[in-house]
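To start, the structure under review is shown below, and the notes come after it.
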Amino acid sequence: MIKPIKLALVLLNCAFVNLKPGVGKTTSAVWLAHALHESGFSPLLVDGDPAASALRWSELADGFPFPVVALPVGDVHRRVNDFLDNRQAVVLDAPQLEDHPRIARSIMRYASQWIVPVTPAPIELDRMAPIGGEMGEVQSLRAEPARTAVLLNRTNRPDATRTGPDADARGALTEWGFVVLDTQIARLDLYAQSFGSPVHVTGSAYMDLADELIKRQEEA
């Protein structure tokens, strides 16, 4: 369990990014923000997607226990702090880079951690080279480099295994130079069918993800 500190400062600042839609960015952003809230932090969820899926989700669920701000604009990195107040974490849901590059890159300029959700399937792994190229370009615009990591999403097993498609994907990504998070998100209806409903995050893999990301930021 994460132990929040008493100081009013941002402990976690991360964005979920990918070239394509439909990879679990919004689901991961919403569930992670709830995990941070359940752990005693006060997150701000920034919806940078013009489709406003995270904001719509909060409306259908009669509100989240933390603020959701829609910022589908090309200067997100200049605006987020206006909404921060005393929030201890910022979770940003970026639109797909291929369709909204200006917004996505602005979000990446702001976030100190970039999380790339990837399904352990050949078609998803094939996209990692161009994603790496995009990340390299945005890194050059930053005063300090962002920490990047891959989140294996919609995996066959809830935990890392030594064999099978999940392990093969983890091994290939590591060989290509990507950092792969220890936490992985299993392919479960609990996540896939959760859009528009209240999120009950206790005991889920997203609690583990929140813990891992906080530790990564503390190590930076």
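The coefficient of translational diffusion for the stretch 154-215, derived via Stokes-Einstein from the alpha carbon Kirkwood radius under 4 °C and 1.567 mPa s, stands at 100 µm²/s. Per residue, the stretch 55-111 exposes 46 Å² of solvent-accessible protein surface, assessed with a 1.4 angstrom probe and all protein chains in place. What relative contact order, as a whole-number percentage, does the stretch 24-121 give when Cα pairs under 8 Å and 6 or more residues apart are counted? The normalised contact order for the stretch 24-121 reaches 33 percent. Working from Cα pairs under 8 Å separated by at least six residues, relative contact order for the stretch 50-178 is 21 percent. All alpha carbon pair distances within the stretch 46-110 were sorted into 5 Å bins beginning at 0; the resulting P(r) in whole percents reads 4, 19, 29, 24, 16, 8, 1.
The residues of the stretch 117-220 have, on average, 56 Å² of accessible surface per residue, using a 1.4 Å probe with all protein chains present. Rounded to the nearest 20, the Cβ-based charge dipole of the stretch 130-220 about its Cα centre (Lys and Arg +1, Asp and Glu -1) stands at 160 debye. Sorting Thr183, Thr174, Thr163, Thr27 by accessible area puts them as Thr163, Thr174, Thr27, Thr183; the probe is 1.4 Å, largest comes first, and only protein heavy atoms count.
Within the accessible surface of the stretch 33-106, defined with a 1.4 Å probe on protein heavy atoms only, the carbon and sulfur portion equals 41 percent. Within the chain, the longest run free of trypsin sites (Lys or Arg not before Pro) that sit in a DSSP loop with at most 10 other Cβ atoms within 10 Å is 7-161. Across the stretch 38-45, computed HN-Hα scalar couplings (Karplus, 6.51 cos²θ - 1.76 cosθ + 1.60, θ = phi - 60°) run 5, 7, x, 8, 10, x, 10, 9 Hz from first to last residue, x flagging Gly and Pro.
Here the gap between Ala129 and Thr163, fully extended at 0.36 nm per residue and compared with their Cα-Cα distance, gives a gain of 9.9 nm. Extending 7 Å from the Cα toward the beta-carbon at both Arg142 and Leu188 defines two label points whose distance is 3.0 nm.
Once backbone amide H atoms are built at 1.01 Å from N, Leu97 has Asn18, Leu19, Lys20 as its partners under 5 Å, excluding neighbours fewer than 5 places away on the same chain. Have a look at Met108, Leu188, Ala94 and report the one farthest towards the positive end of the charge dipole of the chain, computed about the Cα centre with Cβ charges (Lys/Arg +1, Asp/Glu -1). Of the candidates, Met108 comes out farthest on the positive side. For the chain, a simple Cβ point-charge model (Lys and Arg +1, Asp and Glu -1, everything else neutral) yields a dipole of about 240 debye relative to the Cα centre.
Rg then Dmax, both in Å and based on the Cα atoms of the chain: 16.0, 47.
Mean projected area of the convex hull spanned by the Cα atoms of the stretch 114-220, taken over all viewing directions: 8.0 nm². The accessible surface of the stretch 111-172, taken with every protein chain in place and a 1.4 Å probe, is 52 percent carbon and sulfur.
The values are calculated or read from the model by the stated rules, or taken from the named source; none is laboratory data. Computed from a prediction, not measured in an experiment: that's the story for all the values here. Neighbour counts are summed over all protein chains in view; Cβ atoms, including those assigned to glycine, are modelled from backbone coordinates with ideal geometry. Side chains are part of the model used for accessible areas, which takes the heavy atoms of the whole protein and leaves out ligands, DNA and RNA. Shrake-Rupley method; radii C 1.70, N 1.55, O 1.52, S 1.80 Å.
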